[in-house]
Every structure is written in structure tokens, then in C-alpha cells.
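Before any comments, here is the structure.
The values are calculated or read from the model by the stated rules, or taken from the named source; none is laboratory data. None of these values were measured; they are calculated from a predicted model. As a convention, Cβ positions derive from the backbone with ideal geometry for all residues, glycine included, and neighbour counts pool all protein chains shown. Accessible surface is based on the protein model in full, side chains and every heavy atom, while ligands, DNA and RNA are left aside. Shrake-Rupley method; radii C 1.70, N 1.55, O 1.52, S 1.80 Å.
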Amino acid sequence: MGVDSEVVDHVAALAKLRLEPREREDFVEQLGRILEYVEKLQEVDVGDVPPTKHVIDITNVDRRDEERPSLAREVSLANAPEVQQDHFAVPKVLPD
Amino acid sequence: MSIDLHSLTCAQVAGAVASGELSATEVTEEALRASYSHDMRVGACLQLLPGSARARAAEIDADRELRRLPLAGVPVAIKDNICVEGTRTTAGSRMLAQFVAPYTATAVQRLEAQGAICISKTNLDEFSMGSSTENSALGQTVNPHDGNRVPGGSSGGSAAAVASYQVLGALGSDTGGSIRQPAAFCGVVGLKPTYGRVSRYGLIAFASSLDHVGPLARSVEDVALLLAASAGVDPRDSTTVDLDVPDYRGALEADPDSFTLGVPSSWLAEGLESAVREQFEATVAEMEGAGATIMEVDLPHQDYAIATYYVIATAEASSNLARYDGVRYGARAENAADLEEMFVRTRSNGFGAEVKRRILLGTFVLSEGYYDAYYGRAQRVRTLLRRDFEAAFAKVDVVVGPTTPTTAFTLGEKADDPLAMYLSDVYTVTANLAGLPAISVPCGADERGLPVGLQVIGRPFDEMRVLQVARQVERVRGGWPISAATG
């Protein structure tokens with residue numbers, strides 16, 4: 001799998017990261033080598049082996065649909081960079 | 001009784017507090033003093049918690065019932081990706097450098113409920129991504145045995161705090177070896193429990209199907225005590241399993257005649273440092289001499305473990321770290337023109353290089369067109385790796401091998417070569433992929449005096465057997481402090 005700047009930029013955009021030119025260069029080289037290493041997974045005969053999504057045998061752990069104490073509002077807002085009227089305030093969503 | 005944290009065990013401290021020979025306050029003051037002074041050299045701590053520690057110690061001292069708790073007065077350190085309410089919990093990252101945890105992790109709550117006292121938050125590779133603690137954005141930690149070497153990672157601070165006598169025990173986290181490898185490098189005991197044995201509630205997530213919380217200490221007995229205190233089903237972590245927690249410490253001494261140890265031949269191949277091989281083989285020979293049966297086992301897919309791990313772990317990390325967007329907590333880039341710019345600048349400034357590298361890799365393997373070839377395939381190879389162990393456990397009780405291919409490397413040695421750093425996890429990642437309990441216990445030292453760790457991996461929820469075998473290794477090779485080969 002060839003990794004070039006275009007691939008890295010595409011992936012960075014998906015991950016909401018902007019890379020400096022030097023970073024991009026480094027990542028192209030490093031990710032290239034790592035993906036080359038990871039290619040060896042293609043050698044394995046996986047046939048119809050099922051994927052492992054969980055290593056333990058539990059599914060659908062429920063609890064009763066009852067109200068329970070949860071984080072108080074002030075606690076939830078305590079680490080917020082900006083609060084307005086008990087809401088998390090952010091820059092405008094739509095650009096000009 | 002004098003307080004010498006060099007020679008006391010967790011059990012001894014709790015016993016002394018119960019009998020009145022020591023007060024929790026005296027022990028706490030000594031741990032704070034030791035942490036402050038040793039840490040000038042070692043750098044294990046990101047912060048000390050003197051206020052809350054002293055308050056808790058006073059509480060314990062004032063109450064007869066509390067003084068009789070199983071871990072009364074025991075000083076512990078907590079890796080800084082584990083939330084302790086009211087403390088800065090940073091994950092070693094600029095992204096969370098000012099984040100104050102609004103709740104306490106279940107594992108910590110349980111230790112505290114049994115009387116343990118949190119003395120410090122320890123350094124780690126940023127978001128637990130690394131094998132040397134060099135990726136921390138907030139400080140440097142060195143190996144207490146050699147200040148030019150790494151303590152291992154990502155729980156390097158926890159291992160170093162225990163190894164430099166600051167505390168008697170610590171909690172760390174292990175996603176690909178992050179408890180066991182620093183334990184091996186620092187000469188202490190570190191256990192990764194079975195997935196689902198210890199709650200992850202309050203652990204800052206890296207890779208949700210691979211993350212585990214676990215204890216470190218200078219003896220197998222102390223690790224057994226800490227595990228018993230922290231384990232058990234938790235309604236706040238739906239991946240915990242509702243199974244009784246055995247008296248791990250009570251049943252620790254077992255007859256080696258009853259042990260069957262499996263050694264994977266592929267683990268003793270090239271890349272293994274000769275000193276590590278020698279200490280490991282000498283230990284196995286002594287275990288055999290003590291009555292254990294040794295058999296060779298085959299792990300046919302071992303060569304694919306690292307590749308499988310780095311696809312799955314990075315994929316899960318890219319998802320888990322998407323929450324760091326500057327909206328509700330953590331760092332936020334200032335003066336952003338709009339939301340999108342805020343996201344991008346917050347994340348680009350807040351994450352270090354290794355974290356970005358893994359997010360990019362994980363995003364790639366999950367992206368359209370590549371998902372099946374990479375992530376889907378890795379999940380299938382993960383199944384094959386689990387089956388390798390199931391087959392081995394049909395013949396043996398535990399699988400043993402070196403914890404790491406080398407002893408502690410020097411600071412900076414692997415910093416420029418991420419792939420080389422990843423390959424040093426070769427023996428540890430499989431236990432995370434298969435969800436199996438695994439411990440690292442010191443088994444000797446190399447010619448420079450650097451500790452060598454031996455790993456014991458057991459069947460799911462068979463921590464008892466893993467601890468028993470580790471206890472026997474400790475008996476035959478000598479416990480803390482481990483020294484060069486005796487035979």
C-alpha cells in the first residue's frame with residue numbers, strides 16, 4: 001500500500017488534524033513503513049474465521065430503565081472552556 | 001516499628017495500622033517524603049496529593065473499624081490516565097493538562113474503600129501510547145536502576161514510583177504491555193488481569209477492547225492483595241464479568257508439582273537479548289527442578305501479533321480520541337473563526353506526535369475501501385491468536401516466556417524509530433488480544449544489573465494460577481531487589 005502526501009492529507013482531514021509540512025513528510029515515511037509491516041496480515045489464511053469483536057462472552061448488558069443519580073450540571077460544566085447560560089459555548093458552526 | 005518503606009509490604013503496613021504499631025498518618029508522611037525526595041531523580045510523579053492523602057489518613061486513624069481494613073494506610077500511586085475526583089488527570093497530554101476529574105475510577109474507589117491512600121498521580125506515555133514513557137508531554141521519567149535508561153511504558157511512572165520506594169503499590173493500565181513491560185524494566189511485579197476482571201470505569205480510554213487496569217508492587221503477594229481489592233463486576237462498566245473474586249493472596253502458595261508450564265519455542269528465537277534468554281532459561285530450569293512440568297507449546301500465529309495489535313489498537317484509538325474536540329473539556333484553541341477551525345487547531349496543538357501517528361493509522365485502516373482489508377482482517381487474525389492459546393491451554397496451565405526481548409533501553413534510543421518501538425511489544429500484545437491474565441515477575445538481571453522480567457500467561461479468569469506460578473518464580477530466583485543470576 002503506497003502512502004503518499006495525498007493519502008496522509010485525506011486521512012488527516014478525516015481525523016480533524018492539520019499537519020505542518022515537516023510533520024506530513026515524517027508521517028508519510030513512518031506510516032509507509034508501518035503499513036508495509038502490517039501488510040504481512042495478508043499472508044494469513046483467514047478462511048471463514050469469524051472476527052473477534054469482544055474477548056469475553058457477554059452481550060447486551062442491560063439495567064432497569066430507572067432514573068439514577070448522574071453528574072450534576074455544574075460538575076459537567078466545570079471543565080468547559082466556555083459556558084453560556086448553562087450550555088457549552090462554541091464558535092459559530094457555519095463559516096462566513 | 002520504624003517506617004522503612006524499603007522493607008515493608010502492603011500486608012505488613014495494614015497489619016501494623018490495625019495493631020496500632022503504626023498510624024496511617026505516619027506511613028502517609030513517609031510516603032510523601034519519599035515521593036518528594038526520590039522523585040527529584042526519577043521523575044515518576046506528575047503530582048503529589050498531600051492534602052487528600054493526609055485527610056484520608058487522619059480519617060483512618062480516628063476510626064477503629066477503618067484501621068482494620070485490609071489495606072489500611074497502604075500508600076499507592078495512580079497512573080495519570082485514571083480519574084481521581086478533584087485531581088488533575090492529564091493522560092500525560094497537553095490536551096488534558098488542566099482537566100480536573102469529576103469522578104473517581106472504580107478501581108481506585110475500591111482500593112480506597114479498603115484503606116489504601118493515594119499519594120501521587122504518575123507519569124505515562126501520552127494517552128498510554130508508547131513503551132518508554134518518553135511520549136509524555138508533561139515530564140520525563142527515568143529508570144530507577146539507571147538514570148540514562150527508560151522505565152518502560154506506558155505505565156513507566158507507576159513502575160518507577162514502586163521501584164524507587166515512593167509507594168508500596170500502584171495502579172497502571174495495560175493495552176499492549178503497558179503494565180508488564182515497565183514492571184520488567186524496573187524489576188517489579190506487574191499484572192494485567194483478564195479482560196473484564198477489573199472495571200475500566202474512570203480509565204481514560206485508548207483502545208476499548210484491549211485496555212486493562214492492573215496493579216504493580218514489589219512482590220507477588222502485594223500484587224495479589226491489590227488485585228483482590230480492585231477486582232469484581234461493576235455496573236458502571238458493562239464489560240466487567242460477574243464472577244467471584246478469589247482470595248488471591250490466601251491461596252498463593254501452591255505446590256510446583258502441580259504446575260505445567262508451556263514455553264513457546266517461537267519466543268526464544270532471534271531478537272531476544274542473550275542475557276534475557278539466559279535468565280529466563282535458568283528460571284525455567286529451576287522451576288523444573290522444583291517439580292514443575294515444562295512442555296513446549298506452539299503459537300503458530302505469533303508472527304502476526306504485532307501487526308494485528310497495531311491495526312486494532314490504532315483503529316480503536318482513532319475512535320476514542322475523537323472526543324477531544326475542545327467542546328466540553330480539555331484544551332481549546334483560542335480565537336478560532338468557526339467550529340471546524342476550533343476542532344482542527346485544538347487537536348493539532350493538543351496531541352503529540354505518537355498520538356497523531358496512531359490516530360492517522362487508525363483512521364486509515366477504518367476508512368472506506370480499506371476497512372475489510374485491514375481492520376476486518378486483523379479481527380480475524382485476532383481470533384486465530386486466541387485459538388492458538390486455547391490449544392496451548394489444552395496441554396498446559398500457563399504459558400511462560402520473557403516479558404520483553406531486551407532489558408531497559410537508553411533514553412532516546414528508539415525515539416526516532418516508531419516501528420522498532422512497536423516491535424519491543426512482541427511478547428506482551430498477545431495477552432491483550434486474547435484477553436488473558438498475564439503477569440511480569442522479576443527473574444534475574446543482566447550484566448549491567450538491569451532487571452529481567454518473566455511473563456506468565458494464564459487461562460481467562462485464572463489469575464490464581466498465574467499468581468501461584470509467579471510466586472514460585474519469586475521463591476526460586478529471589479524476590480525484590482532482583483540481582484544477577486544466582487545459578
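For the protein assembly as shown, lysine pairs with C-alpha atoms less than 24 angstrom apart, excluding pairs fewer than eight positions apart on the same chain, total 13. Put simply, the protein assembly as shown fits an ellipsoid with semi-axes of 35, 31, 22 Å; these come from the alpha carbon gyration tensor as the roots of five times its eigenvalues, largest first. Among the GluC sites (Glu not before Pro) in region B:384-487, those placed in a DSSP loop whose Cβ has at most 14 other Cβ atoms within 10 Å are B:E447. Based on Cα atoms of region B:377-487, Rg over Rh with Rh as the Kirkwood radius reads 1.02. Helical content of chain A, expressed as a calculated mean residue ellipticity at 222 nm, amounts to -10500 deg cm²/dmol (DSSP H runs of 4 or more residues, -39,500 (n - 2.57) each, divided by residue number, nearest 500). For an R0 of 41 angstrom, estimate the FRET efficiency from the Cβ-Cβ distance between B:R33 and B:R475 and round to the nearest 0.05. Efficiency for this residue pair is about 0.80. Relative contact order of chain B: 16 percent, from C-alpha pairs under 8 Å at least 6 residues apart in sequence. Ordered from highest to lowest accessible area with the whole protein assembly present and a 1.4 Å probe, B:H6, B:H301, B:H212, A:H87 read as A:H87, B:H6, B:H301, B:H212.
Which whole-number value in Å³ per residue fits the convex hull of the alpha carbons of chain B? List each step's numbers first, then the result.
Details: hull volume 66.2 nm³, N = 487.
With only Cα atoms used, chain B gives 136 Å³ per residue.
A 1.4 Å probe, protein heavy atoms only, puts the accessible area of B:E134 near 60 Å². Association of chains B and A removes close to 5300 square angstrom of accessible area from solvent, both sides included, for a probe radius of 1.4 Å. Averaged over its residues, region A:23-96 has an accessible area of 77 Å² per residue, based on protein heavy atoms and a 1.4 Å probe.
Counting only protein heavy atoms and a probe of 1.4 Å, the accessible surface of chain A is 47% carbon and sulfur. Of the residues in region B:335-358, those shielded by at least 50 Å² of accessible area once partner protein chains are present, compared with the chain alone at a 1.4 Å probe, are B:D338, B:L339, B:V344, B:K356, B:R357.
Rounded to the nearest 20, the Cβ-based charge dipole of the protein assembly as shown about its Cα centre (Lys and Arg +1, Asp and Glu -1) stands at 940 debye. Farthest toward the positive end of the dipole of chain B, out of B:A434, B:V400, B:S367, is the Cα of B:S367, where the dipole comes from beta carbon charges about the Cα centre. With all protein chains kept in place, the per residue accessible area of chain B amounts to 31 square angstrom at a probe of 1.4 angstrom. With semi-axes defined as the square roots of five times the eigenvalues of the C-alpha gyration tensor, the equivalent ellipsoid of region B:143-290 measures 26, 21, 16 Å, largest first. Overall, the anisotropy analysis places region B:80-225 in the rounded class: the square-rooted eigenvalues a ≥ b ≥ c of its C-alpha gyration tensor yield a/c less than 1.5.
The per residue volume of the convex hull around the alpha-carbon atoms of region B:219-347 is 225 Å³. Hey, any idea what % of region B:33-121's accessible area is carbon plus sulfur with a 1.4 Å probe? Exposed carbon and sulfur together represent 52 percent of the surface. Please say if region B:25-113 is rounded, prolate or oblate, where rounded means a/c under 1.5 for a ≥ b ≥ c the square roots of the C-alpha gyration tensor eigenvalues, and otherwise the choice is prolate for a/b larger than b/c and oblate otherwise? Oblate shape, in that a/c is at least 1.5 and b/c is the bigger or equal ratio. Modelled this way, with points 7 Å down the Cα-to-C-beta line, the labels at B:V100 and B:M295 are 5.7 nm from one another. With only Cα atoms counted, region B:226-281 has Rg and Dmax values of 18.0, 47 Å. Of all beta bridges that DSSP places with both ends in the protein assembly as shown, some 70 percent have antiparallel geometry. For chain B, the 222 nm mean residue ellipticity estimated from helices alone, with every DSSP H stretch of n ≥ 4 adding -39500 (n - 2.57) and the total spread over all residues, rounds to -11500 deg cm²/dmol. Here chain A is treated with +1 on each Lys and Arg Cβ and -1 on each Asp and Glu Cβ, and its dipole about the Cα centre works out to around 380 debye.
Just going by the charge dipole of chain A, with Lys and Arg at +1 and Asp and Glu at -1 on Cβ, which of A:V61, A:Q30, A:V46 is farthest out on the positive end? In chain A, that residue is A:V61.
Could you work out the mean count of beta carbons from other protein chains within 10 Å of each residue's beta carbon in A:80-86?
3
Taking 7 Å steps out from each Cα toward its Cβ at B:A420 and A:V83 produces label points 4.9 nm apart.
Let me make sure I get this right: for region B:313-472, a, b and c are the square roots of the gyration tensor eigenvalues over alpha carbons, sorted descending. Under 1.5 in a/c it's rounded, otherwise prolate if a/b > b/c, else oblate. Which is it? The shape class here is prolate.
The angle between the Cα long axis of helix A:5-14 and the main principal axis of chain A comes to about 20°, on a 0 to 90 degree scale.
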